[in-house]
Amino acid sequence: MLAREWFQDQLRNIAPFATLLVLVILFSLSSSSFATLDNLANILQQISVTGIIAAGLTFVILCAEIDLGVASVANVAGILVAWLTMQDPSVHIANFPMAGPIAILLAILLAGGLGLVTAFGLTIIGIPSFIMTLAMLQIGSGIGAMLVRGQIAYNVPDLVGVLGNGSIGPIPWIIIVAAVILLAAHITLTYTRFGRYVYMVGGNREAAEYSGINVRLILASVMVISAVCSGIAGMLGVAHFGSAQQDEFDTYLLDSISAVVVGGTSLFGGQGGIGNTIVGLLVLGVLNNGLDHVRIDSFLKILIRGIILLLALIINVYAQRVRSRQAKA
Amino acid sequence: MAESTDMSDKYRRDFFRLAAASMAGAALFGGLSPALAAEIAKETGRSEKPLKAAFSNAGLQATWCAQGKQAAEWWGKLFNVDVVWFDGELSATKQRNAIDDMASQKWDFVAIQAFGIGTLTQPVKKMIDAGVPVIDMDTLIAPLDSINVHSFIAPDNEFMGASVTQSLMDAINGQGIVTMTQGALGHTGAQGRARGFESVVKKYPKVEVVDTTPGDWDVSKTARIWETLLTKYPKIDAAYFHNDDMALAAYNVMKAHGRTNILLGGCDAMPPALAAVEGGRMHATVRNPSCRIHGGAIVAGVAAMVSGEKTGNGPGMIPKNIVTDGPVVTKNNASGMAWMESHYLI
């Protein structure tokens, strides 16, 4: 009976990990090129940009909010850092080159500034995060379009170039940056008072308020954290992919939300964490990568990804219900 | 006697070439003796041993790309190439991940149409450094002087834009109100088509271009644009669209407004547009030869592997840049074009 209760209690954590194991075994058996060190580095590299965005997004979702502007903020920060860097004469963009560190700082400030606007709309005006961040999605996209005007910029500051596209020995810097950010996010959520407040706000907002927690401040903070993480991801992404262009990172919105939710963090807030997000990232990374290593119809791949996402969501909601029932009992 | 031998050799070569080029040929090879199959392979350039090629184009959601995939697979069967597909899913980042995965596996040759210029450079360079011939299709992976691709097979977008615009200008006798609905502004194809359109229009002082809003290849956005244009301008004589899908989407809006007198010019000459040209709903389109580009990549890859064809301008070499031609399609040649497309010839 105890084992059953423990299993039900941990279902949200066990299911994604089991999914990951099954996928790894399945792809390893199906393809000789999958289970190699080279491909492991490939997978980690592929999930790095998503990982940085998802780290910030985990804070938001733990508070039972959503940030639909992450990909757009990432894109505009990446575009701005390139726009503030000297480009080749063949690039027809009326830009404003300046020193690398200043360009990086301004891009992070822009991302943080967009996060502050979201925070203002959410906590002061009272616009639901879904609507507020939908507007930020458009605003970020619009600023990016205004800066590049349909053109493509290639150069970024040296530091961004190294962190996004360089390696230290055999390990790409972008993996290290993603790991450091995920670790910092984990420590913040697990070992700091702010982290506990995030869980409390997400778990029961009313109770958190009665406990004297400044809920608005926590919500504003998580929105800024999410935007800054997106900004960093965008800058490194531009270096990693080799170009800054309009709407380049659009797919990261769904990818990052999927990573957080598939990993087991509750969409209803208060449960989950960075550990879950890492498992979610690996599930999606292994799934996307593995499907490219086995012979499968190209059109079927998209469907398979969708089905696995749906299964993860069903488990997420089911686990939530089980926990609620247990809490009531 | 010698002449007779030469003639019989010639006939045999012709026969084998015809056999290899026919649709039935692909199925036929399975039933031939190994010696005869080897001779056919020698004469046609078909690989004796199965080759493994990886292909990727912008996204199979686009009909042009889906047709290219079918063509590559058909030509692959003909030349004994096993084609594995990595879908770009109309996303620069997704395609980059797919090409990263491609680069971690072993291939005889690869062919790629980049969704975003500059985003695939690193994994493509990795494959080139490993000695894999990389054929660049339709859109630049990176500027040609910065990456050592085996060959770049692409249409002349400026020519396509200019030729279909010229057809429209002829039809309106060089005067009237004209629009251009563009593709995504960052796309080099759209930029070339716009240059082609402008180069022709500027020769006609009595033509007024009233709108060049980009539809971004998006049919719903194009429909919105055209709702506005039809309200704003009571008279429009001709409209050029950077692809057929947008032209057909705009036609539906025009039909709803009872404004089907506007002459439409498109680009790509995909089957639905050919039907529209034949049916009089579109005035003209221009063929962007998807089958020729994707099939050409198979032939180029096989030639590199079988006969060691290198990049260069000398005899027996493949040029670094191959311009694939596609004609303007009007009512006169639409059915012929449809036949050629159905056999993956253009």
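Here are the numbers for this structure:
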{"quantity": "Buried area at the A-B interface (accessible, heavy atoms, 1.4 Å probe, summed, Å²)", "calculated": "2400 Å²"}
{"quantity": "Two-decimal log10 I(q)/I(0) for the stretch A:108-198, as the Debye equation yields it once each C-alpha is a single scatterer, q = 0.15, 0.17 Å⁻¹", "calculated": "-0.94, -1.07"}
{"quantity": "Extent along principal axes [Cα atoms of the stretch A:14-321; Å; largest to smallest]", "calculated": "59, 55, 35"}
{"quantity": "DSSP-loop trypsin sites (Lys or Arg not before Pro) across the stretch B:217-270, with at most 13 other Cβ within 10 angstrom", "calculated": "B:235"}
{"quantity": "Considering only the stretch B:193-346, percent of DSSP beta bridges that pair antiparallel, nearest 5", "calculated": "25 percent"}
{"quantity": "Evaluated over the protein assembly as shown, the Cα radius of gyration and Dmax, each in Å", "calculated": "27.8, 108"}
{"quantity": "Accessible area in square angstrom per residue, the stretch A:184-260, 1.4 angstrom probe", "calculated": "41 Å²"}
{"quantity": "Within the stretch B:100-163, trypsin sites (Lys or Arg not before Pro) in DSSP loop having at most 16 other beta-carbon neighbours inside 10 Å", "calculated": "B:106"}
{"quantity": "Net charge of neighbours whose Cβ lies under 13 Å from the Cβ of residue A:56, counting Lys and Arg as +1 and Asp and Glu as -1", "calculated": "-2"}
{"quantity": "Where the Cα pairs of the stretch B:36-187 fall when distances are cut into 5 Å bins, in %", "calculated": "2, 9, 15, 18, 17, 12, 10, 7, 5, 3, 2, 1, 0"}
{"quantity": "At least 50 Å² of accessible area lost relative to the chain alone, listed for the stretch A:233-258 with a 1.4 Å probe", "calculated": "A:241, A:251"}
{"quantity": "Residue B:309 long-range amide H proximity, modeled H, under 5 Å", "calculated": "B:304"}
{"quantity": "Accessible area of chain A belonging to carbon and sulfur atoms, whole % at 1.4 Å probe", "calculated": "70 percent"}
{"quantity": "Rg followed by Dmax, in Å, when the stretch A:1-128 is reduced to its Cα trace", "calculated": "21.5, 71"}
{"quantity": "Which of B:134, A:162 is most accessible, then next, and so on - probe 1.4 Å", "calculated": "A:162, B:134"}
{"quantity": "Of all accessible heavy-atom area on chain B, the percent that carbon and sulfur account for (1.4 Å)", "calculated": "56 percent"}
{"quantity": "Count of Lys pairs (Cα-Cα under 18 Å; at least 8 positions apart or interchain) in the stretch B:157-286", "calculated": "5"}
{"quantity": "Within a Gaussian network of chain A (alpha carbon springs, distance under 10 Å), most fluctuating of A:136, A:146, A:223", "calculated": "A:146"}
{"quantity": "For the stretch B:157-286, the fraction of alpha-carbon pairs in successive 5 Å shells from zero, as %", "calculated": "2, 12, 25, 27, 22, 11, 1"}
{"quantity": "Pairwise centroid distance, computed over Cα atoms, of the stretch A:220-236 with the stretch A:270-291, Å", "calculated": "19 Å"}
{"quantity": "For chain B, alpha-carbon Rg and Dmax in angstrom", "calculated": "22.1, 79"}
{"quantity": "FRET efficiency, residue B:257 to residue B:342 (Cβ-Cβ, R0 30 Å, nearest 0.05)", "calculated": "0.35"}
{"quantity": "Reduced Cα scattering model of the stretch A:1-57, Debye log10 I(q)/I(0), q = 0.13 Å⁻¹", "calculated": "-0.54"}
{"quantity": "Lysines with Cα under 17 Å of residue A:301, excluding same-chain neighbours fewer than 8 positions away", "calculated": "B:69, B:94"}
{"quantity": "Residue A:24 - accessible surface, heavy atoms, 1.4 Å probe, Å² rounded to 10", "calculated": "50 Å²"}
{"quantity": "Residue-level accessible surface for residue B:339, protein heavy atoms, 1.4 Å, Å²", "calculated": "140 Å²"}
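The values are calculated or read from the model by the stated rules, or taken from the named source; none is laboratory data. Keep in mind the model is a prediction, meaning the values are calculated, not measured. All Cβ positions, even for glycine, are placed from backbone atoms using ideal geometry, and neighbour counts span all protein chains on display. These area figures cover heavy atoms from the full protein model, side chains too; ligands, DNA and RNA do not enter into them. Shrake-Rupley method; radii C 1.70, N 1.55, O 1.52, S 1.80 Å.
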